Structure formats: C-alpha cells, structure tokens
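Student: One structure coming up, written as structure tokens, with questions to follow.
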Amino acid sequence: MLNRLQINDDLYQYVFDVSVKETDVLKRLREETGKLPLAEMQIPAEQGQFLGFLVQALRARKVLEVGVFTGYSTLWMAGGLPDEGRIVACDISREWTDIARRHWQEAGVSDQIDLRIGPAIDTLAGLIGQGHADSFDFAFIDADKENYLAYYEHCVTLVRPGGVIAIDNVLRSGEVIDPSVTEAGTVQIRWLNERIRDDQRVLSCLLPMADGLTLAMKRIS
C-alpha cells in the first residue's frame, strides 16, 4: 500500500498559509463560530474554499445547501456565484442562522441566499413538487446524518445532468470502518457510501479531506 502523508499541525498551518484566501467577513465568521459550543460543526477554511472553487468552476447559478449552521460554507459558495446566482439554504435553527444572516448581510450577499427554515426533507420534497428537478448546478449536504440517504436521493433528483453533489462527514471520524459503532448516523453514512459506490446515476469520488468529502456528478447520459 502506498505511503500516505500525515498532516500534522505545522503542515496544516503551511497549507492554510499558502492556500486559504478568506475575506475579512469569512474570517470573522469562522472565528466567532469557533467559540460556540457546537464549533465542530463548522467546516474548515480549506474545505470552504474548495466548495467556492467548485461553484465557480461549474459556473453554477443555482446552488442547494442542506445544513447551514452559522453560514460559513454558504458564504464561501456565495462568493463563487455570479451576480444573478442564488443559493437555496435549508436549516432548522433560527438561532444559528441568525448569525449567518448577519454575516451574509455584512458581505453583501444576503439577497442571493434564500434561507428556508424547517425540516430539509420537506423543503427538498417541496422543491421537487414545484418543478425544480434537474435544475440545480451544485448541492452541498452537511446536516443530520440520520437523513443523509434521503437528502442524497432528493439532491440527485434536483441537480441537473452534469451537476455535482458534495457530501460532508462521509468518514465519520473513522467510525465507518469500526463495526462496533452502531450509532444511527454512522450506520446511515455506511449505507450512503455503499449506495453512492453502486449508483449508476452518478460518477463519484470520496476525498479524504477533513472528515471525508464525497463528490457525485449526475451523469449526463
């Protein structure tokens, strides 16, 4: 088996220093979120930048986000959109998304973000019912793990052929390979990883970035 580079703190800081290009608002939001009790829910800066990179590389105009928290990932993706681009962002917490709204406003992107408060399953089903299937360019899933399979299935319906779905936490801190871990969220992610592997509707790859990030592109034909 090939040797794999281990990223220690010093090397991670080097990657951050030579790669991450946060705006002042992004930095303030990351630092504010880092002081919260659930700070571990925030994606790292390099992953946020990667999401923004993907949005811009896809020339996305219509983005779907399942799980907002304090809006750090949303803000990165909004930075990759053209002026006419829009994000439909799904979350259940007004407390955390109030922090998001404040920073979106400060960054001047709040008009591009359609925040839907409520169960994401209902929001996604509603979008499908309203005729938005095959219309989103990019989707990012980072929410309650127990519903990951359902979120994925809805997103496959909603993204266009050639569109991409990014799914966070697919390695679950390594618990996916520990059979003694039977917690519902981890079990769901194991099922999801196998489902995506075998899903002929998409081309996919699992990247060992942060806690594992899967990219699944809906096949064009």
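Laboratory data are not the source of any read-out in this text; all were calculated from the coordinates shown. Since we're looking at a predicted model, the values are computed, not measured. When we count neighbours, we look across all protein chains shown, and the Cβ atoms used for this are built from the backbone with ideal geometry, even at glycine.
Student: What list do you get for Phe136, Phe16 if you sort them by fewest beta carbons within 10 Å? It would help to have the intermediate numbers written out before the result.
Tutor: Values: Phe136 25, Phe16 14.
The fewest-first ordering by Cβ neighbours comes to Phe16, Phe136.
Student: Follow-up question, since we're still on this one. For a footprinting-style exposure proxy, rank Ser135, Ser180, Ser19 by other Cβ within 10 Å, fewest first. Present the calculation step by step, with values, prior to reporting the outcome.
Tutor: Numbers: Ser135 14, Ser180 5, Ser19 11.
Starting with the residue having the fewest Cβ neighbours, the order is Ser180, Ser19, Ser135.
Student: Please figure out what share of the DSSP beta bridges in the range 99-221 is antiparallel and state it in percent, rounded to the nearest 5.
Tutor: Within the range 99-221, antiparallel bridges account for around 70 percent of the total.
Student: I've got another one for you. Write out the GluC sites (Glu not before Pro) in the range 1-103 meeting two conditions: DSSP loop, and at most 14 other Cβ atoms within 10 Å of their Cβ.
Tutor: Qualifying residues, ordered by number: Glu84.
Student: Whose amide H sits under 5 Å from the amide H of Ala139, counting only residues 5 or more places off or on another chain, with H placed in the peptide plane?
Tutor: It is Leu64, Val164, Ile165, Ala166, by chain and number.
Student: Ignoring solvent entirely, what values of log10 I(q)/I(0) come out of the Debye formula for the range 1-55 at 0.15, 0.17, 0.18 Å⁻¹ when each Cα is a single scatterer?
Tutor: -0.54, -0.67, -0.74
Student: Go ahead and set up a Gaussian network model of the chain, Cα springs under 10 Å, then flag whichever of Gly129, Gly85, Gly185 fluctuates most.
Tutor: Ranking Gly129, Gly85, Gly185 by mean-square fluctuation puts Gly129 first.
Student: Under a 10 Å cutoff between Cα atoms, tell me which one of Thr33, Thr70, Thr182 has the largest fluctuation in the Gaussian network model of the chain.
Tutor: With Cα springs under 10 Å in the chain, the top fluctuation among Thr33, Thr70, Thr182 is at Thr182.
Student: Another question, then. What aspartates and glutamates does Lys145 reach when the alpha-carbon gap must be under 18 Å and sequence neighbours fewer than 8 apart in one chain are set aside?
Tutor: Qualifying aspartates and glutamates at Cα under 18 Å: Glu40, Glu65, Asp91, Asp122, Glu153, Asp168, Glu175, Asp178, Glu183, Glu194, Asp211.
Student: Another one. Going Cα to Cα from Lys27, which lysines come in below 22 Å? Please leave out same-chain ones fewer than 8 positions away.
Tutor: Within reach: Lys35.
Student: Near the amide H of Leu115, under 5 Å away, which other amide H atoms are found, from residues 5 or more places off or on another chain, if H is placed in the peptide plane?
Tutor: Under 5 Å from the amide H of Leu115: Ala89.
Student: How big is D, in µm² s⁻¹, for the chain by Stokes-Einstein at 4 °C and 1.567 mPa s if Rh is the Kirkwood radius over C-alpha pairs?
Tutor: 73 µm²/s
Student: Show me, for the range 193-210, the HN-Hα J-couplings you get by feeding each phi into the Karplus relation (A = 6.51, B = -1.76, C = 1.60, θ = phi - 60°), rounded to Hz, glycine and proline as x.
Tutor: So the J values, rounded to whole Hz, are 4, 6, 4, 5, 3, 9, 7, 6, 7, 9, 9, 9, 8, 10, 9, x, 9, 6.
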